[in-house]
Amino acid sequence: MLDQSPLSHARSNPHVVQSPIPVLPDYFKDDAEKRKFLAGMFDSAAPDYDRMETILGFGSGSWYRRQALRRAGLVAGMQVVDVAVGTGLVAREAARIVGEPQRVVGVDPSAGMLKNAKVPAGVRLLEGRAESIPFPDQSFDFLSMGYALRHISSLSVAFHEFHRVLRPGARVCILEITAPRTRIARMLLKAYMRTLVVSVGLLFNRSGDTARLWRYYWDSIEACVPAEGVIATLQHCGFDHVRRQVHQGIFSEFQAIRC
C-alpha cells in the first residue's frame with residue numbers, strides 16, 4: 001500500500017507536528033526526562049539488542065532492511081548517514097549496497113549501542129542525535145533511520161537537520177513500526193509485544209533494561225503521531241516526493257527527496 005500526499009500548502013498543513021509522541025508518565029514527564037530515560041535504557045539494553053532482534057524479528061530482518069533501502073533509492077557509490085544507528089542493523093545493509101563501507105557513517109546518542117555495534121570495517125560510528133548531526137551542510141546523498149522516529153524529541157528540528165546535512169536531490173528512508181488501523185490487529189500486536197516480547201526479554205535480560213525496552217516499544221508505537229503528521233512535517237521541512245509504503249500493515253517506510 002502506498003500513501004501519497006500533495007505538497008501544496010504544506011507549510012499551513014495542520015498535521016505538521018513537533019513531538020512524535022506525547023508525555024508517557026510511566027517513563028518520563030518531559031523532554032529532559034525522556035532523553036535521560038532513553039539514554040539509560042538503551043545503554044543498559046545494548047548487549048541484548050541484537051539477540052532479541054534475531055529471535056523476535058518483527059519481520060524486519062536484514063533482508064527487509066536491505067530491500068527498504070533499495071526501494072528508497074540507495075545505490076552504489078552514495079555517501080550515507082544512518083541516524084540512530086544503534087547496533088548497526090541498517091548501516092550493515094547500507095554498506096552492502098553502496099559497496100564501500102567507508103561511505104557509510106552511523107550516528108547515535110547511546111554510547112552503549114555504539115560500543116555493541118557490529119558494522120563492516122570502514123563504517124564510522126559517532127555519538128550524535130537526530131536533532132544535531134555532527135557533520136557539515138550537504139555532506140550526504142542518503143539518510144536512513146531505522147525504528148527510532150519515536151525516540152527523537154522534535155520531528156521538526158530533526159527533519160530540518162536532515163535537510164541541512166543532505167545534498168540537493170538526496171534521499172531519505174525512515175523505517176518505523178506503526179500501529180495497525182483495525183482494532184483487532186492493534187489488540188493482537190499489543191498482546192504480542194506486551195506479553196510474548198516482554199517475556200522473552202526477561203529470559204535474555206543479561207544486562208539491565210531489555211524487557212522494559214520492549215515494553216516501552218509498544219507504548220511508544222501506540223502513542224506515536226499518525227503517519228500524516230510525519231509526511232506533513234517532512235514536507236514542511238523542505239522535502240519533496242514524500243510518500244509512505246506500508247508492509248504487513250505495520251512496517252512503514254517514509255521516503256522523501258531533499259529539495
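Quick look at the numbers
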| quantity | calculated |
| --- | --- |
| nm² value of the averaged projected area, convex hull over the Cα atoms of the chain | 12.6 nm² |
| Exposure proxy ranking, count of Cβ atoms within 10 Å, fewest first, for Cys237, Cys259 | Cys259, Cys237 |
| Total lysine pairs whose alpha carbons fall under 27 Å of each other in the chain (8 or more apart, or interchain) | 7 |
| Cβ-based net charge around Val23, under 15 Å, with every Lys or Arg adding one and every Asp or Glu removing one | -1 |
| Pairwise label distance in nanometres, Arg124 with Ala39, each label 7 Å out on the Cα-Cβ vector | 2.3 nm |
| Projected label distance in nm at Gln138 and Asp240, using a 7 Å step from Cα toward the beta-carbon | 1.5 nm |
| FRET efficiency, 1/(1 + (r/R0)^6) with R0 22 Å, evaluated for Leu202 and Lys29 via beta carbons | 0.25 |
| Efficiency of FRET from Cβ geometry, Gln18 and Thr195, R₀ 35 Å, rounded to 0.05 | 0.60 |
| Span-like helix ranges in the chain, DSSP H, alpha carbon extent 24 angstrom or more, Kyte mean at least -1.0 | 31-56 |
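Read-outs: derived from the displayed coordinates by stated rules, not from any lab. Fair warning: this is a prediction, and the values are worked out from it, not measured in the lab. No Cβ is skipped: glycine too gets one built from the backbone with ideal geometry, and neighbour counts run over all protein chains shown.
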